[in-house]
Amino acid sequence: MILFCIPAGGTNPFAPWSRRLRADIRLHILDLPGRGRKIRQQPLTDLNAILPTLAEEIRQTCGEGESYMLFGYCSGGIVAYELCRYMQQTGAPLPGQVFLFGIGAPDRLQSHGEGAADTPEFRQMLEQFFTPESMGSETAAAQAADAYLAAYRKSPEVSFSQVFPELSEETEFEKTQLLFLLGGALQQIAQDNTMLEQYRLRQQEPVVLPTTGILGFGTEDTFVPKEDVLAWSRFFAASQTLEVPGDHYAILRQPEPFLARINQ
């Protein structure tokens, strides 16, 4: 059994899961082009162009007749659903279960765009990266988070050298590295926003997948309403819900409910 995970832009909470899965479940991260193991590939925002490569990766990873599950977090949930549709159309085996977390159904998908930066969850995510320890002080951490928000709202193309003009060769290596990594995360989030916006503008027909959907959401998520997540039930032959205490990023901090469900 293989668990294929599709992260959202800017975060990959799944890698440590390999040590917490049942002995007979293997973990495989399905990185999008330009991310993770595929960092050298050209990033893509056209979902239709991404699907064939991911489907082929699943085919090559699975052994003869080996079953698998698929897990998509946030924007990765839309990729997971459309990947299943693509595999169904091409006659490839479908996953026994599709786990989704923090994403609305295709016909309820909202365009958040710059508005994402105005949610409490987004600020809380930044505070996990910009800590007083990593930035040197509480004031520096708050200023870094404010600058990141300004960059996100202004343009996906804004550079951290514009936002942090004090950066120089004398800047501490750890701080420079942190900003570099977050700069890449910013670009990935912008790419996901573009992909979802293009997807949202297309007419979405409720194609029902002949598999089970596990619909996960944070009980305090104000970014993606619970009703939008539950609307996925019309897109699967069977579905179950899974509540996780916390907000949109709860899966990063407390994955235990999902891991327990996967290990059943």
Keeping to segment 82-95, report how many residues are within 24 Å of L252 (Cα to Cα) and part of a loop (DSSP other than H, G, I, E, B).
1
Sole residue being of a type in the set (K, R) and free of Cβ contacts under 8 Å to residues at least 60 places away in the same chain, chosen from R59, R35:
R59
Find the residue count for segment 14-39, including only residues that are assigned to a loop (DSSP other than H, G, I, E, B) and closer than 14 Å to G184 by Cα.
5
Checking A8 against (1) surrounded by fewer than 19 Cβ atoms within 10 Å (Cβ to Cβ); (2) part of a loop (DSSP other than H, G, I, E, B): exactly one of these is not met. Which one?
(1)
Specify the residue that is modelled with the lowest pLDDT; the eligible residues are those in segment 27-37 that are surrounded by 16 or more Cβ atoms within 10 Å (Cβ to Cβ) and on the phi < 0 side of the Ramachandran plot.
R35
Could you go through segment 234-255 and let me know if any residue there is of a type in the set (K, R), open to solvent by 80 Å² or more (accessible area, probe 1.4 Å), in a helix (DSSP H, G or I) and modelled with pLDDT under 85.
yes
Is it true that some residue in segment 40-62 is in contact with a strand residue (DSSP E or B) (Cβ under 8 Å, 6 or more places away or on another chain), modelled with pLDDT under 90, open to solvent by 10 Å² or more (accessible area, probe 1.4 Å) and in a loop (DSSP other than H, G, I, E, B)?
no
Pick from segment 64-86, criterion small (G, A, S) and open to solvent by 20 Å² or more (accessible area, probe 1.4 Å), ranking: farthest from R202 (Cα to Cα)
G65
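The values are calculated or read from the model by the stated rules, or taken from the named source; none is laboratory data. Bear in mind that the values here come from a model prediction, so they are computed numbers and not experimental data. Positions of Cβ are generated from backbone atoms using ideal geometry, with glycine treated the same way; all protein chains shown enter the neighbour counts. Surface accessibility is based on the protein's heavy atoms, side chains included, excluding ligands, DNA and RNA. Shrake-Rupley method; radii C 1.70, N 1.55, O 1.52, S 1.80 Å.
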